[in-house]
Amino acid sequence: MNQQTLSDIEYGNRRHTTRREHFLSLMDDIIPWDEWVERIRPYYPAGRRGRPPKNIETMLRMYLMQIWYGLSAARIEDVVYDSYAMRSFMHIDFLKEQAPGSSTLLRFRHLIEEKGIAEELLADIDARLAEQGLVLHLGTIVDARLTNR
């Protein structure tokens, strides 16, 4: 069992659960993570050369949040660091590892989309939600930003 951080304890004492937390918790429950990881594993780099590859499930979780919230690879990386709910969904412990970078996520996305896996997984989510009488509506996260004139 992982030791809780002060942030975990503080966050756990809130009285309100956000819509994002509720949504991510539901998705965490309905997705057969082990099955999906094994579906991707034959195509995923084995890590014999270069840096060790990131955990497939971590990559998949980050990819799905990118799709659900309509974010670029660079933006989802930032949001994971900003959002406790998203970091929790990814099962990331920053004491042990960092979130995958945008280029790593982009390579993962290209891999599962080229192999047709992404479409299968998203269709599976829709079917699982339909069994519960639910429909997924994709969203976006809008952020304030500064630009040069």
Quick one: what are the phi-derived ³J(HN,Hα) couplings along region 18-34, Karplus 6.51/-1.76/1.60 with θ = phi - 60°, whole Hz, x for glycine and proline? 6, 4, 5, 4, 4, 4, 5, 5, 4, 5, 4, 6, 8, 7, x, 3, 4
Please report the base-10 log of the normalised intensity I(q)/I(0) for region 38-108, using a Debye sum with one equal scatterer per alpha carbon and no solvent, at each q in 0.22 (1/Å). -0.99
Fewest to most neighbouring Cβ within 10 Å: what's the order for Phe108, Phe94, Phe89? Phe94, Phe89, Phe108
Relative to the compact globular guide of 2.2 N^0.38 Å, what is the alpha carbon radius of gyration of region 16-149, as a ratio? 1.09
Virtual spin-label span in nm between Asp93 and Glu119, 7 Å along Cα→Cβ: 3.9
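We did not get these values from a lab; they are worked out from the coordinates using the rules stated. Everything numeric here is computed off the predicted structure, so don't read it as measured data. As a convention, Cβ positions derive from the backbone with ideal geometry for all residues, glycine included, and neighbour counts pool all protein chains shown.
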